[in-house]
Amino acid sequence: MCIRDRAKIVDPDFESFEEWLRYHSNKSVDTEINVQLGEFTLKKHRVEPLPRYVCDMDDFVTIFGEKLAKSFGIQSAEVKNTTARLWRRLVGRRHDVQVWHKDTRQLKSPFMRPFSTLIGAERWVQECIALLGSFEEDRVSITIELSSVGTSGVARLAALVTEPAEEGKPAVVSLKEIVCFRKPLVVHVYDIVEHGRRFHRSLVYSSDENLCLGQAGPEAMSTNGAAALMNPVPPAFSLVIKRNITKSLGLQTYLPSEFLRGLVPQALLDKYVFWQNTDESISGYISNQYRQAHSGGLALDQLHIVLKKGAMADDSGYCTSMASGVITRIPVKSNLRKKASLKKSTDEVDHMLGIGADEVEDYKRPRHKLLSLLYSKPGTHLRKLTEIFMRLDNLSHILVWTKDCLLYTSPSPRDRG
């Protein structure tokens, strides 16, 4: 006899058929309505307005709009409340919000080799780090990835930066990632930011904004390399937004664009809103603001980013495993059966929250894959093509797509309004 046959679930004893019926009809129900009291509950929790501090968070305003966020009338019910997370479900909107408390774990460097051990042909990395300027070396511990730095044109480093403790406050240890390019000599600095107990990269400095996928500016990136490296990243509260609009889309988690800055061209970050799927792929949908600004003759499409992980798995829980992404642009069109129901809705917010739910692939138009210009090798045809287009614009707004081994260049107009 197998274990499954022996491990039987025994129902509790019931004194009457009414108790038995109530048990079996309510044990899998999430929502309840008390007809006599007119009370609506979700998993035994009463419906209450969403806390005001949640509505004030930037990611909440981005997804739900400033008008709805300031109304403070969003009804929600508690799903789970622990010492590290508050999980609430928004009534009637198929969205959940999770407020995570500050992460108190000590950050660790993903690399083991000390920066001081570079020799011979590897010293170009030291010249690249010198582009940052002078910084307090006694507060920075730099390690480098174990790879063929001497023959490779790219080097990845990690820096643990310690901020001295203030009175009544502990010392802040921040983790930075540094990416060095050999030809031409360029250095990029990323902040490693914790968000919902996951760690993300966010570009904060580039020694050459022309060779950078992120948008330069006073609010986007620092103009001082040493200051960007030494700037602390203290633990902070984070808001994770999840949605479950349709069965085909499944459960999706909102991915703020700041965590893709420097990884995905800025031209795409300005156009799309990104959600991560349960298989860790990322879907990008044209934002509501972009749709309104380009309502006339806008060709609908979606982005699909598939992550290809490296050979080394991450067992530490600090998101240190390597991965690369393949960006595919998929042409889509509105589903006519759902489009009619959307037109009847007068709630613009509901339409914005459901972006992508009424879109299906348009097989009359081809798919395209984005070529990586930042990592193109010197002397290749792709690098020569990149240098030609860089006479017109920065790398952050140059998109080269491929279809059946043929190159197509898609212009990405900036939002100059």
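What follows draws every value from the coordinates through simple rules; no lab data is involved. Here the structure is a predicted model, which is why all the values come from computation and not from measurement. FYI the Cβ positions are ideal-geometry reconstructions off the backbone, even for glycines, and counts take in every protein chain you see.
Can you list the HN-Hα couplings for the range 93-105, worked out from phi with the Karplus curve (6.51, -1.76, 1.60; θ = phi - 60°), rounded to whole Hz and with x for Gly and Pro?
10, 6, 10, 10, 10, 10, 9, 9, 6, 4, 7, 9, 5
Which entries in 242/403; 108/308; 308/333; 364/403; 176/242; 80/308 show an alpha-carbon gap greater than 22 Å?
Over 22 Å Cα-Cα: 242/403; 108/308; 308/333; 176/242; 80/308.
Take every Cα-Cα distance within the range 113-230, group them into 5 Å bins from 0 onward, and report for each bin the whole-number percent of pairs it holds.
Here the calculated profile for the range 113-230 is 2, 11, 20, 23, 20, 14, 6, 3, 1, 0.
Using θ = phi - 60° and the Karplus curve 6.51 cos²θ - 1.76 cosθ + 1.60, what whole-Hz ³J(HN,Hα) does each residue of the range 356-373 get, with Gly and Pro shown as x?
x, 6, 9, 10, 10, 5, 9, 6, 7, 10, x, 7, 9, 10, 8, 8, 7, 7
Would you work out the charge dipole size for the range 113-230 about its Cα centre, treating the Cβ of every Lys and Arg as +1 and the Cβ of every Asp and Glu as -1, and quote it to the nearest 20 debye?
Using only the charged Cβ atoms, the result is roughly 480 debye.
Can you find, among 250, 144, 162, the residue sitting farthest towards the positive end of the charge dipole of the range 138-263, where Lys and Arg contribute +1 and Asp and Glu -1 at Cβ?
250
Using θ = phi - 60° and the Karplus curve 6.51 cos²θ - 1.76 cosθ + 1.60, what whole-Hz ³J(HN,Hα) does each residue of the range 279-287 get, with Gly and Pro shown as x?
Karplus-based 3J(HN,Hα) across the range 279-287 equals 8, 6, 6, 10, 10, x, 10, 4, 5 Hz.
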